[in-house]
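Single-structure report; data block below.
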Amino acid sequence: MSREKLICRAAILLSYYFISGMATTNILRLLKGSTHRVNAWECRCASCGGRINVLMQQPIFSYLVFRGRCRYCGAPIPKSTLALELTVFAGMSLITLLLGFSWLGVLLSFAFFELVRAVLLLRCGHREEHFVSQYIAAVAVVLLCLLIVEFEALLLQSV
Ligand SMILES: [Zn+2]
């Protein structure tokens, strides 16, 4: 395999890694009890209000490094956060790998992301405040990500 193909494939998988991190705001903030805006960058610890910086927001990696606890107050971060990040990253990567990094594989991996969101919304219920507008914002972000990753997949076919 050429170097260019490898770089394109790595870029697609790296995109999924960041999307798995985004899932914790894009999906969890739509669920019952949440009042945070889906697209607000700032994340704070639910216990002490400490600001969660960029390093601490890295999916999977941060959970393992900080042993599933807030760096400031030591409050446990729900295991469901890690489970969601792993599910999204592994699921999207696997579908794309199985379909040979084709544009269809990318499209289906995003369908999987939407399926995860639908299942969680059905199981946990949706937020009471501004659900419709926040849902539209969440879908818009995912569509933008889809366009970026499809562009990477098309680039991969041409190298
Ligand atoms: Zn804390």
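The values are calculated or read from the model by the stated rules, or taken from the named source; none is laboratory data. Small disclaimer: the values here were computed from a predicted structure and weren't measured. Reconstructed Cβ throughout: ideal geometry from the backbone, glycine too, with neighbour counts over all protein chains shown.
Per the listing 136, 148, the residue uniquely of a type in the set (A, V, I, L, M), more than 16 Å from the ligand (Cβ to nearest atom), farther than 27 Å from residue 8 by Cα and part of a helix (DSSP H, G or I) is 136.
Checked against (1) surrounded by 15 or more Cβ atoms within 10 Å (Cβ to Cβ); (2) of a type in the set (A, V, I, L, M); (3) within 16 Å of the ligand (Cβ to nearest atom), residue 31 passes all but a single condition, namely (3). Count of the stretch 41-89 residues, restricted to those that are touching a Pro at 6+ places or on another chain (Cβ under 9 Å) and aromatic (Phe, Trp, Tyr), is 1. For the condition among the basic types (Lys, Arg), modelled with pLDDT of 90 or more and within 16 Å of the ligand (Cβ to nearest atom), residue 67 qualifies.
Consider residue 73 carefully, then state whether it is more than 26 Å from residue 135 (Cβ to Cβ) and within 8 Å of the ligand (Cβ to nearest atom).
When the stated conditions are applied, residue 73 passes them.
Close contacts from the stretch 134-152, counting a first residue that is touching a residue at least 24 places away in the same chain (Cβ under 8 Å) and surrounded by 13 or more Cβ atoms within 10 Å (Cβ to Cβ) and a second that is of a type in the set (Val, Ile, Thr) and in a helix (DSSP H, G or I), with Cβ to Cβ under 7 Å and a gap of 6+ residues or different chains, come to 145/19; 149/12; 149/106; 150/106; 152/12. Quick check: is even one residue across the stretch 37-48 modelled with pLDDT of 95 or more, among the aliphatic types (A, V, I, L, M), surrounded by 14 or more Cβ atoms within 10 Å (Cβ to Cβ) and within 17 Å of the chain's Cα centre (by Cα)? Taking every residue of the stretch 37-48 in turn, none turns out to be modelled with pLDDT of 95 or more, among the aliphatic types (A, V, I, L, M), surrounded by 14 or more Cβ atoms within 10 Å (Cβ to Cβ) and within 17 Å of the chain's Cα centre (by Cα). One residue stands out in the stretch 113-133 among those that are surrounded by fewer than 16 Cβ atoms within 10 Å (Cβ to Cβ) and under 30 Å from residue 11 (Cβ atoms): the one that is nearest to the chain's Cα centre (by Cα), namely 114. Taking the criterion of being surrounded by 12 or more Cβ atoms within 10 Å (Cβ to Cβ), at pLDDT below 95 and within 16 Å of the ligand (Cβ to nearest atom), would at least one residue in the stretch 80-102 satisfy it? There is at least one residue in the stretch 80-102 that is surrounded by 12 or more Cβ atoms within 10 Å (Cβ to Cβ), at pLDDT below 95 and within 16 Å of the ligand (Cβ to nearest atom).
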